[in-house]
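Below: the structure, in structure tokens.
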Amino acid sequence: MANVAGDLPLYSCRNCQNPIALRSDLLSKAYIGKSGPAYLFSHAMNIIIGRKEDRKLITGAYSVADIYCCNCGEILGWKYLRVYEVKQKFKEGKFIIETKKIAKEY
């Protein structure tokens with residue numbers, strides 16, 4: 001697959017190989033999503049952002065929106081829209097993408 005962004009490696013949708021996030025935007029591998037391990041990214045591309053909802057997560061209360069692959073509609077994780085805990089503010093505007101939903105491309 002050709003990398004249009006010119007920033008390899010990147011992460012793509014495991015279902016359809018649509019580019020989702022750049023390796024350079026990976027902030028942490030120490031997160032848990034709905035289905036297991038997840039990564040925190042500063043940016044994501046080729047996604048659709050779902051409806052805003054308040055969700056109680058392990059580290060507190062957040063306003064989040066699920067994110068979906070814009071090509072195949074696979075749910076990938078969520079975006080932190082609003083963070084209520086001061087210690088967790090760094091997550092605001094960031095993306096959780098579940099490792100089961102993406103594949104690393106070189």
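Just a few scattered comments:
- Pairs exceeding 20 Å between alpha-carbon atoms, taken from K34/K101; K56/K104; K52/K104; K52/K91: K56/K104; K52/K104.
- Extent along the principal axes, Cα only, for the range 2-106: 40, 24, 21 Å, with the longest axis given first.
- Cysteine residues of the chain whose Cβ has no partner cysteine Cβ closer than 4.7 Å: C70.
- Protection proxy ranking, peptides 35-42, 80-87, average beta carbon neighbours within 10 Å, highest first: 35-42, 80-87
- Charge dipole magnitude, Cβ of K and R +1, D and E -1 - the range 1-96, Cα centre, debye nearest 20: 300
Readers should treat all values here as calculations from the given coordinates under stated rules, not as data from a laboratory. Computed from a predicted structure; not experimentally measured. Here Cβ is always computed from backbone atoms with ideal geometry, including for glycine, and neighbour counts include all displayed protein chains.
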